[in-house]
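This structure is in structure tokens; I'll ask about it shortly.
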Amino acid sequence: MLSVLALVIPLSLVGAVSPVMMTEQTVLLSGRNGRRIAGCYALGVGGTLLVLLSALVLFGRSIALPEEPRLSASLDVGLGVLLLLIAAVLRYRRPRTPKPKKSHDRGLGPSAALGFGVFSMATNFTTLAVMVPVAKEIAASHIDVLERLIVVAIVTVLGAVPAWLPLAMTLVAPQPTRRLLQALSDFIDAKGRLVTVLILTAGGLFLVGRGIVHMLGL
């Protein structure tokens, strides 16, 4: 299981980079009943990621992902190229015109916040794209069912970091966290897009490089 975790944890951290989701959670925390609303949002995000990741793993097992090195390496290269293409689209797509920040929770109750979290994760295509190679690694591994469930749970927690970490920080240190989240929000506005592009590029290059190495039998 440790060898599987060594592969999926770095990729999960790549998928956890979501400036949009972090901004949404920061705004929700600043509104009325912020912690309660943010908690529902985080539950929606984490639950959706768990369901989608589990489905990908089960799908991978059901179609018996290729175990031959060359076929598996080709899949690595293909997934790596996909991440690089996403990074390129983000890099060269015209940025949207910034809108004045406003709290999304003015008319948002717990149920709506839960649905908002589900929608945010279901449409977070950069994170979901990274989850595909993660699910491939889990499905192709030879670990038992219990270990597979543990790995899926760990990946889910890591992938949902932008949703639960701000909430956890406000519970531990409310005042310093507010200042930190404001600074983080400003940084995301300025550099969030670039950070996402760089991390996706790094993940894509990692997969492409690993696939080429396996193809060459090195």
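Check Arg70, Arg91 and return the single one that is in a helix (DSSP H, G or I), open to solvent by 80 Å² or more (accessible area, probe 1.4 Å) and modelled with pLDDT under 75.
Criteria check complete, one pass: Arg70.
Against the definition (more than 26 Å from Gln25 (Cα to Cα), at pLDDT 80 or above and open to solvent by less than 30 Å² (accessible area, probe 1.4 Å)), how does Val81 come out, yes or no?
Spelling it out, it is not the case that Val81 is more than 26 Å from Gln25 (Cα to Cα), at pLDDT 80 or above and open to solvent by less than 30 Å² (accessible area, probe 1.4 Å).
Out of the residues in the range 162-194 that are open to solvent by 80 Å² or more (accessible area, probe 1.4 Å) and of a type in the set (S, T, N, Q), which is farthest from the chain's Cα centre (by Cα)?
Gln175
Of the conditions (1) modelled with pLDDT under 80; (2) open to solvent by 60 Å² or more (accessible area, probe 1.4 Å); (3) of a type in the set (S, T, N, Q), Thr126 fails just one. Which one is it?
Answer for Thr126: the failing condition is (2).
Enumerate the pairs (first residue in the range 195-211 and more than 10 Å from Leu79 (Cα to Cα) and open to solvent by less than 40 Å² (accessible area, probe 1.4 Å); second residue anywhere and among the β-branched types (Val, Ile, Thr) and not in a helix (DSSP H, G or I)) with beta-carbon separation below 7 Å, excluding pairs fewer than 6 apart on the same chain, so at least 6 apart or on different chains.
Filtered contacts from the range 195-211: Thr196/Val17.
If you go through the range 129-161, how many residues are outside any helix (DSSP H, G or I) and either of a type in the set (S, T, N, Q) or open to solvent by less than 10 Å² (accessible area, probe 1.4 Å) (or both)?
Step one: of the range 129-161, the residues outside any helix (DSSP H, G or I) are 141-144, 160.
Those left that are additionally either of a type in the set (S, T, N, Q) or open to solvent by less than 10 Å² (accessible area, probe 1.4 Å) (or both): 141, 160.
The number of residues fulfilling the criteria is 2.
Could you please give the count of residues in the range 6-26 that are open to solvent by less than 20 Å² (accessible area, probe 1.4 Å) and in a helix (DSSP H, G or I)?
So the count comes out to 6.
Please indicate, with yes or no, whether at least one residue in the range 52-63 is over 14 Å from the mean Cα position of the chain (by Cα), at pLDDT below 90 and buried (at least 23 other Cβ atoms within 10 Å of the Cβ).
Yes, the range 52-63 has at least one match.
If I ask for residues that are touching a Gly at 6+ places or on another chain (Cβ under 6 Å) and closer than 29 Å to Gly209 by Cα, which ones from the range 12-55 would you list?
Ser12, Val14, Gly15, Ala16, Pro19, Leu49
Continuing with the same structure: Looking at the range 31-47 only, could you name the residues that are open to solvent by 20 Å² or more (accessible area, probe 1.4 Å) and in contact with a helix residue (DSSP H, G or I) (Cβ under 8 Å, 6 or more places away or on another chain)?
Arg35, Arg36, Gly39, Cys40, Leu43, Gly47
The values are calculated or read from the model by the stated rules, or taken from the named source; none is laboratory data. Being a predicted model, the structure only gives us computed values, none of them experimental. Counting neighbours? That spans all protein chains shown, and the Cβs are built from the backbone with ideal geometry, glycine included. The area values use the complete protein model at the heavy-atom level, side chains included, leaving out ligands, DNA and RNA. Shrake-Rupley method; radii C 1.70, N 1.55, O 1.52, S 1.80 Å.
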